[in-house]
Amino acid sequence: MQSLRDVLKKAQDSGVAVGHFNISDLVLLKAVFGAAQEVNVPVLVGLSEGEREFAGTGPIAAYVRKLREESGFPIFLNADHTHSLGKALEAAKAGFDSIVFDLSALPLEENVRQTKQAVEALKAINPAMLVEGEIGDIGSGSEIHETSPDLSKGLSTPEEAKQFVESTGVDILAPAVGNMHGMLQSMVRGETKKHLEIERIARIKSQTGTFMTLHGGSGTDDEDLRKAIAAGINIVHINTELRVAWRHGLEQGLAKHPDEVAPYKILPAAVDAVKQVVSSRLRLFGSEQSIGKGN
Ligand SMILES: [Zn+2]
(Lines give C-alpha, C1' and ligand atoms only; values in the text may rest on other atoms or scores of the structure.)
Protein backbone atom coordinates (compact mmCIF):
# COMPACT_ATOMS: atom_id res chain seq x y z
CA MET A 1 0.00 0.00 0.00
CA GLN A 2 1.37 3.39 -1.00
CA SER A 3 1.68 6.14 1.59
CA LEU A 4 -0.11 9.49 1.47
CA ARG A 5 3.23 11.11 0.65
CA ASP A 6 3.62 8.76 -2.36
CA VAL A 7 0.09 9.59 -3.49
CA LEU A 8 0.73 13.34 -3.29
CA LYS A 9 4.04 13.04 -5.11
CA LYS A 10 2.40 11.02 -7.88
CA ALA A 11 -0.47 13.50 -8.15
CA GLN A 12 2.00 16.39 -8.35
CA ASP A 13 4.01 14.66 -11.07
CA SER A 14 0.81 14.00 -13.04
CA GLY A 15 -0.52 17.54 -12.62
CA VAL A 16 -3.65 16.43 -10.76
CA ALA A 17 -4.89 17.03 -7.22
CA VAL A 18 -6.18 14.70 -4.51
CA GLY A 19 -9.71 15.42 -3.30
CA HIS A 20 -10.27 15.96 0.44
CA PHE A 21 -13.83 15.55 1.69
CA ASN A 22 -15.08 16.13 5.22
CA ILE A 23 -17.13 13.49 6.93
CA SER A 24 -18.87 13.25 10.27
CA ASP A 25 -20.84 10.05 9.85
CA LEU A 26 -21.08 6.81 7.91
CA VAL A 27 -23.35 8.35 5.25
CA LEU A 28 -20.63 10.78 4.21
CA LEU A 29 -17.85 8.20 4.53
CA LYS A 30 -19.77 5.69 2.36
CA ALA A 31 -20.44 8.39 -0.23
CA VAL A 32 -16.81 9.54 -0.44
CA PHE A 33 -15.37 6.02 -0.48
CA GLY A 34 -17.92 4.84 -3.07
CA ALA A 35 -17.23 7.81 -5.35
CA ALA A 36 -13.45 7.40 -5.11
CA GLN A 37 -13.72 3.71 -5.97
CA GLU A 38 -15.95 4.51 -8.95
CA VAL A 39 -13.64 7.21 -10.30
CA ASN A 40 -10.68 5.06 -9.23
CA VAL A 41 -8.52 7.73 -7.63
CA PRO A 42 -6.95 7.93 -4.16
CA VAL A 43 -8.93 10.03 -1.71
CA LEU A 44 -8.58 11.86 1.60
CA VAL A 45 -11.35 12.03 4.16
CA GLY A 46 -11.04 14.66 6.86
CA LEU A 47 -12.62 15.49 10.17
CA SER A 48 -12.31 18.83 11.92
CA GLU A 49 -12.23 18.95 15.73
CA GLY A 50 -16.04 19.26 15.83
CA GLU A 51 -16.52 16.43 13.33
CA ARG A 52 -14.11 14.22 15.31
CA GLU A 53 -15.96 14.94 18.50
CA PHE A 54 -19.13 13.64 16.86
CA ALA A 55 -17.64 10.57 15.13
CA GLY A 56 -15.03 9.68 17.78
CA THR A 57 -11.33 10.20 17.00
CA GLY A 58 -10.19 6.65 17.78
CA PRO A 59 -13.21 4.77 16.36
CA ILE A 60 -13.27 6.67 13.03
CA ALA A 61 -9.52 6.11 12.58
CA ALA A 62 -10.00 2.39 13.18
CA TYR A 63 -12.95 2.30 10.75
CA VAL A 64 -11.09 4.02 7.91
CA ARG A 65 -7.97 1.91 8.49
CA LYS A 66 -10.10 -1.24 8.30
CA LEU A 67 -11.77 -0.04 5.08
CA ARG A 68 -8.32 0.54 3.56
CA GLU A 69 -6.97 -2.84 4.69
CA GLU A 70 -9.98 -4.82 3.51
CA SER A 71 -10.30 -3.08 0.15
CA GLY A 72 -6.64 -2.39 -0.60
CA PHE A 73 -7.92 1.00 -1.80
CA PRO A 74 -5.93 4.18 -1.02
CA ILE A 75 -8.25 6.09 1.30
CA PHE A 76 -6.43 8.31 3.82
CA LEU A 77 -7.50 10.09 6.95
CA ASN A 78 -6.78 13.73 7.82
CA ALA A 79 -7.32 15.56 11.11
CA ASP A 80 -8.65 18.81 9.66
CA HIS A 81 -8.28 22.23 11.37
CA THR A 82 -6.74 21.28 14.69
CA HIS A 83 -6.14 24.24 16.97
CA SER A 84 -4.24 22.74 19.90
CA LEU A 85 -1.28 20.43 20.38
CA GLY A 86 -3.35 18.23 22.68
CA LYS A 87 -5.95 17.49 19.98
CA ALA A 88 -3.16 17.04 17.42
CA LEU A 89 -1.39 14.43 19.53
CA GLU A 90 -4.69 12.63 20.10
CA ALA A 91 -5.20 12.32 16.32
CA ALA A 92 -1.61 11.18 15.78
CA LYS A 93 -1.95 8.47 18.41
CA ALA A 94 -5.25 7.34 16.86
CA GLY A 95 -3.41 6.75 13.57
CA PHE A 96 -4.47 9.66 11.36
CA ASP A 97 -2.32 9.91 8.21
CA SER A 98 -2.10 13.69 8.23
CA ILE A 99 -3.09 16.72 10.24
CA VAL A 100 -3.90 20.35 9.56
CA PHE A 101 -2.35 22.20 12.49
CA ASP A 102 -4.11 25.52 12.20
CA LEU A 103 -2.83 28.46 14.21
CA SER A 104 -3.45 30.91 11.36
CA ALA A 105 -5.43 33.16 13.72
CA LEU A 106 -2.23 33.92 15.66
CA PRO A 107 0.44 36.43 14.60
CA LEU A 108 2.87 34.82 12.11
CA GLU A 109 5.80 34.61 14.56
CA GLU A 110 3.69 32.77 17.13
CA ASN A 111 2.16 30.56 14.44
CA VAL A 112 5.71 29.63 13.31
CA ARG A 113 6.94 28.91 16.83
CA GLN A 114 4.05 26.69 17.87
CA THR A 115 3.70 24.93 14.49
CA LYS A 116 7.41 24.00 14.57
CA GLN A 117 6.93 22.48 18.03
CA ALA A 118 3.88 20.56 16.81
CA VAL A 119 5.75 19.18 13.77
CA GLU A 120 8.47 17.81 16.08
CA ALA A 121 6.02 16.33 18.58
CA LEU A 122 3.83 14.73 15.89
CA LYS A 123 6.75 13.23 13.95
CA ALA A 124 8.03 11.74 17.21
CA ILE A 125 4.77 9.76 17.44
CA ASN A 126 4.55 8.88 13.74
CA PRO A 127 7.42 9.94 11.42
CA ALA A 128 5.25 9.16 8.36
CA MET A 129 2.47 11.50 9.41
CA LEU A 130 2.19 14.57 7.19
CA VAL A 131 1.76 17.91 8.93
CA GLU A 132 0.05 20.82 7.21
CA GLY A 133 0.46 24.39 8.45
CA GLU A 134 -1.76 27.33 7.65
CA ILE A 135 -1.10 31.02 7.09
CA GLY A 136 -3.39 33.91 6.23
CA ASP A 137 -7.13 34.30 6.62
CA ILE A 138 -9.68 32.16 4.77
CA GLY A 139 -12.59 32.68 7.15
CA SER A 140 -14.09 30.02 9.35
CA GLY A 141 -16.94 27.53 9.23
CA SER A 142 -18.03 25.29 6.34
CA GLU A 143 -21.50 26.72 6.52
CA ILE A 144 -23.85 28.96 4.57
CA HIS A 145 -22.84 32.57 5.26
CA GLU A 146 -25.11 35.61 4.95
CA THR A 147 -22.39 37.95 3.77
CA SER A 148 -18.93 37.59 2.29
CA PRO A 149 -16.13 38.41 4.78
CA ASP A 150 -13.36 40.74 3.65
CA LEU A 151 -10.38 38.40 3.40
CA SER A 152 -8.27 40.65 1.18
CA LYS A 153 -5.97 41.71 4.05
CA GLY A 154 -5.32 38.08 5.02
CA LEU A 155 -3.92 36.89 1.67
CA SER A 156 -0.64 34.96 1.94
CA THR A 157 2.50 36.42 0.40
CA PRO A 158 5.21 34.25 -1.22
CA GLU A 159 7.77 35.69 1.24
CA GLU A 160 5.87 34.77 4.40
CA ALA A 161 5.00 31.39 2.89
CA LYS A 162 8.69 30.64 2.28
CA GLN A 163 9.64 31.78 5.79
CA PHE A 164 6.82 29.72 7.33
CA VAL A 165 7.65 26.50 5.46
CA GLU A 166 11.40 26.77 6.07
CA SER A 167 11.08 27.64 9.76
CA THR A 168 8.43 25.08 10.69
CA GLY A 169 9.32 22.04 8.57
CA VAL A 170 5.68 21.45 7.58
CA ASP A 171 5.08 18.96 4.76
CA ILE A 172 2.10 20.81 3.34
CA LEU A 173 1.13 24.48 3.23
CA ALA A 174 -2.41 25.89 3.28
CA PRO A 175 -2.23 29.44 1.94
CA ALA A 176 -4.90 32.13 1.62
CA VAL A 177 -5.22 32.69 -2.12
CA GLY A 178 -8.75 34.02 -2.58
CA ASN A 179 -10.32 30.88 -1.13
CA MET A 180 -12.89 30.99 1.65
CA HIS A 181 -14.51 28.50 4.02
CA GLY A 182 -18.24 28.05 3.59
CA MET A 183 -20.53 29.32 0.85
CA LEU A 184 -22.85 32.25 0.29
CA GLN A 185 -26.53 31.57 -0.48
CA SER A 186 -25.91 32.79 -4.04
CA MET A 187 -23.20 30.11 -4.39
CA VAL A 188 -25.52 27.39 -3.11
CA ARG A 189 -28.02 28.51 -5.76
CA GLY A 190 -25.22 28.40 -8.34
CA GLU A 191 -25.55 32.10 -9.21
CA THR A 192 -22.07 33.14 -8.09
CA LYS A 193 -18.69 31.40 -7.83
CA LYS A 194 -15.52 31.90 -5.83
CA HIS A 195 -12.46 32.97 -7.77
CA LEU A 196 -8.82 32.27 -6.93
CA GLU A 197 -5.58 34.21 -7.28
CA ILE A 198 -3.79 31.83 -9.63
CA GLU A 199 -0.66 33.96 -10.00
CA ARG A 200 -0.28 34.10 -6.20
CA ILE A 201 -0.56 30.29 -6.01
CA ALA A 202 2.16 29.91 -8.66
CA ARG A 203 4.49 32.35 -6.87
CA ILE A 204 4.00 30.68 -3.48
CA LYS A 205 4.67 27.31 -5.08
CA SER A 206 7.89 28.47 -6.70
CA GLN A 207 9.08 30.08 -3.43
CA THR A 208 8.29 27.09 -1.21
CA GLY A 209 8.37 24.04 -3.51
CA THR A 210 6.10 22.32 -1.01
CA PHE A 211 2.82 20.43 -1.30
CA MET A 212 -0.10 22.86 -1.12
CA THR A 213 -3.73 22.53 -0.06
CA LEU A 214 -6.66 24.64 -1.16
CA HIS A 215 -9.18 24.94 1.67
CA GLY A 216 -12.75 26.10 1.18
CA GLY A 217 -13.03 24.69 -2.35
CA SER A 218 -16.85 24.51 -2.31
CA GLY A 219 -18.53 26.86 -4.75
CA THR A 220 -15.31 27.65 -6.64
CA ASP A 221 -15.32 28.22 -10.38
CA ASP A 222 -14.31 24.97 -12.14
CA GLU A 223 -11.86 26.70 -14.46
CA ASP A 224 -10.19 28.41 -11.49
CA LEU A 225 -9.84 25.02 -9.76
CA ARG A 226 -8.18 23.54 -12.87
CA LYS A 227 -5.80 26.49 -13.08
CA ALA A 228 -5.04 26.36 -9.33
CA ILE A 229 -4.09 22.69 -9.64
CA ALA A 230 -1.89 23.46 -12.64
CA ALA A 231 -0.27 26.28 -10.59
CA GLY A 232 0.68 23.94 -7.73
CA ILE A 233 -2.31 22.96 -5.59
CA ASN A 234 -2.06 19.25 -4.62
CA ILE A 235 -5.08 18.80 -2.32
CA VAL A 236 -8.50 20.44 -2.64
CA HIS A 237 -10.89 20.52 0.33
CA ILE A 238 -14.64 20.27 -0.24
CA ASN A 239 -16.99 20.33 2.74
CA THR A 240 -19.95 22.74 2.44
CA GLU A 241 -21.10 21.33 -0.94
CA LEU A 242 -21.24 17.90 0.69
CA ARG A 243 -23.20 19.21 3.66
CA VAL A 244 -25.75 20.85 1.33
CA ALA A 245 -26.09 17.62 -0.69
CA TRP A 246 -26.33 15.57 2.53
CA ARG A 247 -29.24 17.66 3.77
CA HIS A 248 -31.11 17.62 0.45
CA GLY A 249 -30.56 13.88 0.07
CA LEU A 250 -31.77 13.22 3.59
CA GLU A 251 -34.90 15.32 3.02
CA GLN A 252 -35.59 13.42 -0.20
CA GLY A 253 -35.10 10.09 1.55
CA LEU A 254 -37.55 11.05 4.28
CA ALA A 255 -40.09 12.42 1.79
CA LYS A 256 -39.87 9.30 -0.35
CA HIS A 257 -40.49 6.97 2.60
CA PRO A 258 -42.91 8.87 4.87
CA ASP A 259 -43.71 5.86 7.05
CA GLU A 260 -40.30 4.21 7.05
CA VAL A 261 -38.22 4.05 10.24
CA ALA A 262 -35.30 1.83 9.11
CA PRO A 263 -32.30 4.17 8.71
CA TYR A 264 -30.65 1.92 6.11
CA LYS A 265 -33.66 2.37 3.86
CA ILE A 266 -33.88 6.15 4.23
CA LEU A 267 -30.18 7.09 4.26
CA PRO A 268 -29.11 5.71 0.85
CA ALA A 269 -30.74 8.79 -0.72
CA ALA A 270 -28.32 10.96 1.27
CA VAL A 271 -25.38 8.72 0.31
CA ASP A 272 -26.31 9.03 -3.38
CA ALA A 273 -26.68 12.81 -3.23
CA VAL A 274 -23.26 13.27 -1.60
CA LYS A 275 -21.66 10.69 -3.87
CA GLN A 276 -22.70 12.66 -6.98
CA VAL A 277 -20.93 15.77 -5.69
CA VAL A 278 -17.79 13.85 -4.74
CA SER A 279 -17.62 12.07 -8.12
CA SER A 280 -17.98 15.33 -10.01
CA ARG A 281 -15.20 16.98 -7.98
CA LEU A 282 -12.86 13.97 -8.22
CA ARG A 283 -13.25 13.91 -12.00
CA LEU A 284 -12.47 17.62 -12.14
CA PHE A 285 -9.39 17.40 -9.87
CA GLY A 286 -8.11 14.39 -11.77
CA SER A 287 -8.81 16.07 -15.13
CA GLU A 288 -10.80 13.00 -16.09
CA GLN A 289 -7.70 10.84 -15.77
CA SER A 290 -7.31 8.16 -13.17
CA ILE A 291 -4.10 8.32 -11.15
CA GLY A 292 -4.58 4.65 -10.32
CA LYS A 293 -4.73 2.97 -7.00
CA GLY A 294 -1.33 1.26 -7.15
CA ASN A 295 -0.20 -1.17 -4.50
ZN1 LIG B 1 -10.37 24.17 5.79
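The values are calculated or read from the model by the stated rules, or taken from the named source; none is laboratory data. None of these values were measured; they are calculated from a predicted model. As a convention, Cβ positions derive from the backbone with ideal geometry for all residues, glycine included, and neighbour counts pool all protein chains shown. When the accessible area is computed, the model is the full protein with side chains, heavy atoms only, and any ligands, DNA or RNA have been set aside. Shrake-Rupley method; radii C 1.70, N 1.55, O 1.52, S 1.80 Å.
Just wondering, is there one or more residues in the range 81-95 that are within 16 Å of the ligand (Cβ to nearest atom), open to solvent by 40 Å² or more (accessible area, probe 1.4 Å) and part of a helix (DSSP H, G or I)? Yes, some residue in the range 81-95 is within 16 Å of the ligand (Cβ to nearest atom), open to solvent by 40 Å² or more (accessible area, probe 1.4 Å) and part of a helix (DSSP H, G or I).
Residue count for the range 155-186, restricted to those that are small (Gly, Ala, Ser) and open to solvent by 10 Å² or more (accessible area, probe 1.4 Å): 4. Looking across the range 113-154 at every residue that is of a type in the set (A, V, I, L, M), under 19 Å from the mean Cα position of the chain (by Cα) and surrounded by fewer than 18 Cβ atoms within 10 Å (Cβ to Cβ), the one that is nearest to the ligand (Cβ to nearest atom) is identified as 144.
Quick one: is residue 231 of a type in the set (Gly, Ala, Ser), over 30 Å from residue 27 (Cβ atoms), open to solvent by less than 10 Å² (accessible area, probe 1.4 Å) and in contact with a helix residue (DSSP H, G or I) (Cβ under 7 Å, 6 or more places away or on another chain)?
On the way: of a type in the set (Gly, Ala, Ser): yes; over 30 Å from residue 27 (Cβ atoms): yes; open to solvent by less than 10 Å² (accessible area, probe 1.4 Å): no; in contact with a helix residue (DSSP H, G or I) (Cβ under 7 Å, 6 or more places away or on another chain): yes.
No.
Of the residues examined, residue 77 is one that is out of contact with any Leu (no Cβ under 6 Å at 6 or more places or on another chain), open to solvent by less than 50 Å² (accessible area, probe 1.4 Å) and either in contact (Cβ under 8 Å) with a residue 12 or more places away in the chain or among the hydrophobic types (A, V, I, L, M, F, W, C) (or both). Of all residues in the range 4-18, one or more are in a strand (DSSP E or B) and closer than 30 Å to residue 267 by Cα.
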